[in-house]
1. Set Lys and Arg Cβ to +1 and Asp and Glu Cβ to -1, take the dipole of segment 198-328 about its Cα centre, and tell me which of Pro274, Leu253, Ala216 lies farthest positive.
2. Would you compute, from DSSP H runs of 4+ residues alone, the mean residue ellipticity of the chain at 222 nm, taking -39500 (n - 2.57) per run and dividing by the full residue count, rounded to the nearest 500?
3. Which residues does the label zone of Arg33 cover in segment 108-147, counting backbone N under 11 Å from a point 7 Å along Cα→Cβ?
4. Can you tell me the convex hull volume per residue for segment 179-325, based on C-alpha atoms, in Å³ to the nearest whole number?
5. D for the chain, whole µm²/s, Stokes-Einstein with Kirkwood Rh over alpha-carbon pairs at 10 °C and 1.306 mPa s: what number?
6. Near Glu75, within a Cβ-to-Cβ distance under 15 Å, what is the net charge of the other residues, with Lys and Arg +1 and Asp and Glu -1?
7. Have a look at Ala265, Ala131, Ala98 and tell me which one the Gaussian network model of the chain (Cα, springs below 10 Å) gives the largest fluctuation.
8. Given 37 °C and 0.692 mPa s, how large is the Stokes-Einstein diffusion coefficient of segment 231-300 in µm²/s, with Rh as the Kirkwood radius over Cα pairs?
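Values quoted throughout were computed directly from the atomic coordinates according to the rules given, and no laboratory measurement underlies them. Everything numeric here is computed off the predicted structure, so don't read it as measured data. Note: ideal-geometry Cβ built from the backbone for every residue, glycine included; neighbour counts use all protein chains shown.
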Amino acid sequence: MNLSASAAETLRTALGDLLDGLPPKQASLAVDRLIASYRGATPTDAPILRDRADVAAYAAYRMPATFEAVRSALEAFADAAPGWTPQSQVDVGGGTGAATWAVSATWAGTRPVTVLDWAEPALALGREVAAAHPPLEDVRWQRARIDASLVLDTADLVTVSYVLNELAAPDRAALVDAAASAAQAVVIVEPGTPDGYARVIEARDRLIAAGFRVAAPCPHSAACPIVPGSDWCHFSARVSRSSLHRQVKGGSLPYEDEKFSYVAAARFPVSPAPARVVRRPQIRKGQVLLDLCEVEERLSRTTVTKKHGELYKAARDADWGDAWPPVS
Ligand SMILES: C[S@@+](CC[C@H](N)C(=O)[O-])C[C@H]1O[C@@H](n2cnc3c(N)ncnc32)[C@H](O)[C@@H]1O
């Protein structure tokens, strides 16, 4: 089993074991309450994850999906920075630790990690789940509030996953600036909605202004070629659902697709993909239509036909979010 599949499997088992003890009725009620909180007006001035039932529901209902979204973003980042491995990580608004699991699924080895969050029950459950995973033995789970006074310890990598949407604009700016001051690389992931994309673009602009280069998903560090309001850049990660996940979330499909937007940027030189597939490829008879964002700072549609030989085979295998042409 590869690194990534093995971390995903360990996470699934650890969540399953942990939640076995939680009565299904209580889990469903906590999920309903969470959904209502997340639909409500954000930001809030107190943690949404208030107690163990909330956090257990979050872990079952959302953590497998946020883990897969961050893992996809990190994989694209690792492709653009092939010689680089983070020696330390700070995960801001890390909650139950999905992004720390995703880092361990992308780069082998252990590294000092600090998870910061204001919700103590999330940190406690994160610590418990991580105990099942030796690469996460060196994690500090630390209570901290994200606001204008936030200063982060230096780290190779700062991750910020599904957090900006819970913050007011000044705190979002303060968080991105603090990450830029502390890190060699910053990876920010948000829900794949028009608003999530807008927050990612806002963060991307701040990182570039602070001297970072974009490693992924964009092939360049110039302005995003999407006309504001006309579309939003987002990707999709497949999340396999355990029976417990199905029980908590309802539905019978063995998987779901998590939509996310992201930016991965670094202070050191990176090699972004020459182009990225920004929609699900359309496979027609003898041809594949690829929507690309290109290094020339534009969006384009390329048709790859059988006449293109090996490239056609690659196009048939290409997935939404992949580099194009594929990284060999
Ligand atoms: C949607 S969860 C994401 C958790 C985790 N990063 C993930 O990807 O699964 C948002 C997290 O941000 C934390 N958070 C929100 N606002 C915060 C603030 N002002 N200070 C510290 N943590 C905050 C919440 O407690 C929660 O754990």
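1. Leu253
2. When only DSSP H runs of four or more count, the value is -12000 deg cm²/dmol.
3. Hits in segment 108-147 for Arg33 at 11 Å: none.
4. Convex hull of Cα atoms, per residue: 148 Å³.
5. Stokes-Einstein gives a translational diffusion coefficient of 79 µm²/s.
6. -2
7. In the Gaussian network model the winner is Ala131.
8. 215 µm²/s
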